[in-house]
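Below is one structure, written out as C-alpha cells, with a few remarks after it.
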Amino acid sequence: MKMIVGLGNIGTRYDETRHNTGFMVVEQFARDYQLGAFTHAKVEAVVASGMVHGEKVLLVKPTTFMNESGRAVKPLLDYYDLTLDDLVIVNDDLDMPVGKVRLKTHGKSGGHNGLKSIIAHLGTDQFNRVKVGIDHPQHGTVVSHVLGKFTPAERSDLDVAIQRAEDALADWVKGASFATLMNNYN
C-alpha cells in the first residue's frame, strides 16, 4: 500500500488557496484514477482509496489545520503498518515559483508548519515529499499570501504543476524509486 498525503487547511474558505496546493494534487489524483469521494477516517483525516497500477493507494487530507497535520499522518501509518518508504507528503513551497515541482527524500521543514508537525510526530525528517511552488509574496504578508488564491495567470502554471506532481506520484505507485523520480522530475 502507498499513502499519499496532501497538505492543506480544511473548510470551504480555504478551497483553492495557495496553502491548499497539496489538497489540490491529491484531489486531482483521486479524480483521474477514479478513487471516489474522500470520506472520514478513524483519525483526523478524510481518505480516498483504491487500486492504481495494481497497487493499493490511500490518499489522505488531514482534517486538522495545517499546523497539526502530523496528528493525522502518524496514526494512519501505524494503523496500516506502513513504513516511511510507503509515504509521500505533497505540500506547497514559498521558495519556488508557481508551476515548479521538486521531489525530495528528506530535509527540514523550510518553515512550513505542516511539515514541522509531521517531522515532530514521526520523529524524523526522512520521508518523501513532492513540493509544488506557490512563489513568495510580492506584496503583503506571508500569511495573506499563502491563504490567498492564485491569479488567473498563475492558475495555468499551477495546473501544469499539479499534473506534473500527479505524474510523479503515479510513477512512484508503479514502482519507480524516489531517487529515479528526482532525476526525472526535478
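One residue alone among ASP81, ASP85 is assigned to a loop (DSSP other than H, G, I, E, B), at pLDDT 95 or above and over 19 Å from VAL146 (Cα atoms), and that residue is ASP81.
Could you look through segment 138-163, keep only residues that are in contact with a helix residue (DSSP H, G or I) (Cβ under 7 Å, 6 or more places away or on another chain) and either farther than 20 Å from ASN67 by Cα or of a type in the set (Gly, Ala, Ser) (or both), and pick out the one that is modelled with the highest pLDDT?
Within segment 138-163, the subset in contact with a helix residue (DSSP H, G or I) (Cβ under 7 Å, 6 or more places away or on another chain) is 145-148, 150, 162.
Those left that are additionally either farther than 20 Å from ASN67 by Cα or of a type in the set (Gly, Ala, Ser) (or both): 148, 150, 162.
Details: GLY148: 91, PHE150: 94, ILE162: 98.
Restricting to residues being in contact with a helix residue (DSSP H, G or I) (Cβ under 7 Å, 6 or more places away or on another chain) and either farther than 20 Å from ASN67 by Cα or of a type in the set (Gly, Ala, Ser) (or both), the top hit is ILE162.
Flag: HIS145 matches the condition of being in contact (Cβ under 8 Å) with a residue 12 or more places away in the chain and open to solvent by less than 70 Å² (accessible area, probe 1.4 Å).
Tallying residues that are in contact with a helix residue (DSSP H, G or I) (Cβ under 9 Å, 6 or more places away or on another chain), surrounded by 17 or more Cβ atoms within 10 Å (Cβ to Cβ) and over 11 Å from VAL90 (Cβ atoms) within segment 24-43 yields 5.
In the condition set (1) open to solvent by 10 Å² or more (accessible area, probe 1.4 Å); (2) in contact with a Lys or Arg (Cβ under 9 Å, 6 or more places away or on another chain); (3) assigned to a loop (DSSP other than H, G, I, E, B); (4) under 26 Å from ASP159 (Cα atoms), THR64 is compliant with all but (1).
The values are calculated or read from the model by the stated rules, or taken from the named source; none is laboratory data. Everything numeric here is computed off the predicted structure, so don't read it as measured data. Counting neighbours? That spans all protein chains shown, and the Cβs are built from the backbone with ideal geometry, glycine included. Just the protein is used for accessible areas: all its heavy atoms, side chains included, with ligands, DNA and RNA removed. Shrake-Rupley method; radii C 1.70, N 1.55, O 1.52, S 1.80 Å.
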